[in-house]
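The values are calculated or read from the model by the stated rules, or taken from the named source; none is laboratory data. These figures come from a predicted structure and were not determined experimentally. Don't worry about glycine lacking a Cβ; one is built from the backbone with ideal geometry, like all the others, and counts go over all protein chains shown. Just so you know, the surface numbers come from the protein's heavy atoms only, side chains and all, with ligands and any DNA or RNA stripped out. Shrake-Rupley method; radii C 1.70, N 1.55, O 1.52, S 1.80 Å.
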Amino acid sequence: MTSTALDGSTVPPVPRGSANPPAAKIPATATAAGPLVACAVPASAAPASQPSPSAAQVLDRCRELAAPALAEAIGTLHPWVAEMARYALGRCEVGGAPAEHSQGKGVRQALAVLGARIVSGPAEAGVPGAVAVELVHVFSLLHDDIMDGDALRRGRPAVWKAYGTGPAVLAGDALFALAVETLARTPRSGSAVSQLTTALGDLVHGQADDLLFAGRPWTGPDAVGVREYEVMAERKTGALLGCALALGARLAGAPDRTVAVLDRAGRHLGVAFQIADDVLGIWGDPSVTGKPVHSDLRQGKKTLPVLAALGGDGRGELGELLAEPGSLDGAGVRRATALVERAGGRAAAVRAARRRLAAADALLSGLPLDQEPAAELGTLLSALADRAI
């Protein structure tokens, strides 16, 4: 089964039942806007009789492992707050009736579980980390939707639209507190909580920058630059992905140096992940993204494809269009989309994501990782980069 990459090209399927290839290095000097090349970690070939699981299977397995602990933790909250949490996770409707809506991929949960396994620890050691980072992730989404004014989340009303702004803020606060409490109960509570709170501090810093970007001009000396944007993305998105991978390893007893390297690799992955979201926010399929087509452009969000286009050939016509009040109506947003692509914004975004994946790959390649989970991690990162799952 093939899938479509962020640049519109076809992504070949992950081979099944064959040996895993050696780590693929992504050239930092690549200039073509091809698909986001696989980010692999070094691992010996698996026996042909034991085909490697797909990325979707890895996600499902990790999510199922963490699900009972996540449900138990949410069950300790005030019943109304717990209902909002379950609604956010797709587990119920407003009022509490059971439901089976999309819960998201569970990327952060999987990274925490794999973080434990790649340092030769049991998968169960990473479960408290998986629960904590998922709670923080949902907390951040509840607050992000309010700050961004997004009425939909995964194709249905966001929590603030379904329950009200005040209740959604309360639910987010409760999930944040529950995440800290979850880690405080682990044998390595001090270092684990410190890992999480450091990531939270970065996440808040990144979110603050993202909000401030909205008030800055598209062009001129005060415009947001690509490098400035990537720093924001590393804090807002990368910090929690790095924390997930590092937390799993820390809870499994890995040395501090290994934990630090995994955190850094996850942060690079997070930037690539955010860039992919930026591309999908302009060119993505609404049935997949759960958001209207061109949603980020309509909202005037400072995303990397647009910033890169403005820093290149799009400074003139595109800059004038974006600066004109009310210009991003139906026809205007389609014109802006075409101008961003023509100016190389989409291609530049793919190259930037490749560079981040290459950096993550290099860091992971320097660690002595357990082969089987390392191969699964490589498969997962590759699929996430191209949204091939």
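Could you look at segment 109-184 and say what percent of its accessible area is carbon and sulfur, using a 1.4 Å probe and all protein chains? Intermediate values should be presented prior to the final figure.
On the way: 1450 of 2360 Å².
Within segment 109-184, the accessible surface is 62 percent carbon and sulfur.
Would you work out the charge dipole size for segment 59-194 about its Cα centre, treating the Cβ of every Lys and Arg as +1 and the Cβ of every Asp and Glu as -1, and quote it to the nearest 20 debye?
Details: 13 positive and 14 negative charges, 60 e Å.
The calculation lands at about 280 debye.
Accessible area of Thr197, 1.4 Å probe, to the nearest 10 Å²?
60 Å²
Taking only protein heavy atoms and a 1.4 Å probe, what accessible area per residue, in Å², does segment 313-389 have with all protein chains in place?
40 Å²
Could you estimate the translational diffusion coefficient of segment 140-290 from the Stokes-Einstein equation, with Rh from the Kirkwood formula over C-alpha pairs, at 10 °C and 1.306 mPa s, in whole µm²/s? Spell out each step's value before the answer.
On the way: Rh = 17.0 Å.
Result for D is 94 µm²/s.
Between Val293 and Val94, how high is the FRET efficiency from 1/(1 + (r/R0)^6) when r is the Cβ-Cβ distance and R₀ = 30 Å? Nearest 0.05.
On the way: r = 27 Å, r/R0 = 0.89.
The computed FRET efficiency comes out at 0.65.
Please give the length that would be gained between Glu228 and Thr197 if that part of the chain were fully extended, namely 0.36 nm times their separation in residues minus their C-alpha to C-alpha distance (nm, one decimal). Could the numbers behind the result be given before it?
Working: separation 31, 0.36 × 31 = 11.16 nm, distance 2.31 nm.
Answer, rounded to one decimal: 8.9 nm.
Identify, among Ala331, Ala343, Ala252, the residue whose Cα sits farthest towards the positive end of the charge dipole of segment 231-370, taking +1 on the Cβ of Lys and Arg and -1 on the Cβ of Asp and Glu, with the dipole about the Cα centre.
Ala252
Largest first, how would Glu134, Glu341 line up by accessible area (1.4 Å probe)?
Working: Glu134 10, Glu341 85 Å².
Per-residue accessible area, sorted high to low, gives Glu341, Glu134.
Express in Å², to the nearest 10, the accessible area of Asp222 obtained by rolling a 1.4 Å probe over the protein heavy atoms while all chains stay in place.
Counting only protein heavy atoms, Asp222 exposes about 100 Å² to solvent.
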